[in-house]
Amino acid sequence: QVQLVESGGGLVQAGGSLRLSCAASGSIFSIGTMGWYRQAPGEQRGMVATVRSDGSTNYADSVKGRFTISRDNAKNTVYLQMNSLKPEDTAVYYCEAWYGLRNYWGQGTQVTVSS
């Protein structure tokens, strides 16, 4: 069983920055791909960025050049550095991690960007 705990959300003005963190805990040996997804009111949850255990990354087009995903394998933690935030980035951000043959989700953290 894997537990994911997110932190770092909040309210920020457009153009500002936030850093999200997600720590995985439990009886785990090696976490696979980790990532961040987001869901705005009335919309489906969508991928923001993912990072594999080898460090390779993937980003949604809407965040390329503004967001950076990274991970610390020793701490089983994934980060999302968000710069140049826009009001349309407002959403609940969820951490996802793959372990074994299934994925796990965090509880979500709210990010609100004011114009």
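The values are calculated or read from the model by the stated rules, or taken from the named source; none is laboratory data. The shown structure was predicted, so the numbers you read here are calculated from the model rather than taken from an experiment. Quick reminder, even Gly has a Cβ in these numbers, built from the backbone with ideal geometry, and neighbours come from all protein chains shown. The protein model used for the area step is the full one, side chains on, heavy atoms only, and it has no ligands, DNA or RNA in it. Shrake-Rupley method; radii C 1.70, N 1.55, O 1.52, S 1.80 Å.
Within 10 Å of each candidate Cβ there may be at most 12 other Cβ atoms; applying that plus a DSSP loop requirement, which trypsin sites (Lys or Arg not before Pro) in the stretch 63-115 survive? Answer in residue order: Lys64, Lys75.
With a Förster radius of 30 Å, plug the Cβ-Cβ distance of Ala60 and Ser7 into 1/(1 + (r/R0)^6) and report the FRET value to the nearest 0.05. Walk me through the intermediate numbers first.
On the way: r = 22 Å, r/R0 = 0.72.
After rounding to 0.05, the efficiency reads 0.90.
When Lys and Arg each count +1 and Asp and Glu each count -1, what net charge do the other residues less than 12 Å away from Trp36, Cβ to Cβ, add up to? Neighbour charge sum, excluding Trp36 itself: +1.
Within the accessible area of the chain, what % is carbon and sulfur when the probe is 1.4 Å and the other protein chains stay in place?
On the way: 2870 of 6080 Å².
Using a 1.4 Å probe with all protein chains present, the chain comes out at 47 percent carbon and sulfur.
Each principal axis of the Cα atoms in the stretch 1-47 has its own extent, and those three values, largest first, are 39, 23, 14 angstrom.
Mind checking the dipole of the chain: about its Cα centre, +1 per Lys or Arg Cβ, -1 per Asp or Glu Cβ, Debye to the nearest 20?
Values: 10 positive and 8 negative charges, 24 e Å.
In debye, rounded to 20, the chain gives about 120.
The GluC sites (Glu not before Pro) of the stretch 3-95 that meet both conditions, a loop assignment by DSSP and at most 12 other Cβ atoms within 10 Å of the site Cβ, are Glu43.
Accessible area per residue for the chain in Å², computed with a 1.4 Å probe and the full protein assembly in place, what is it?
On the way: 6080 Å² over 115 residues.
About 53 Å² of surface per residue is accessible.
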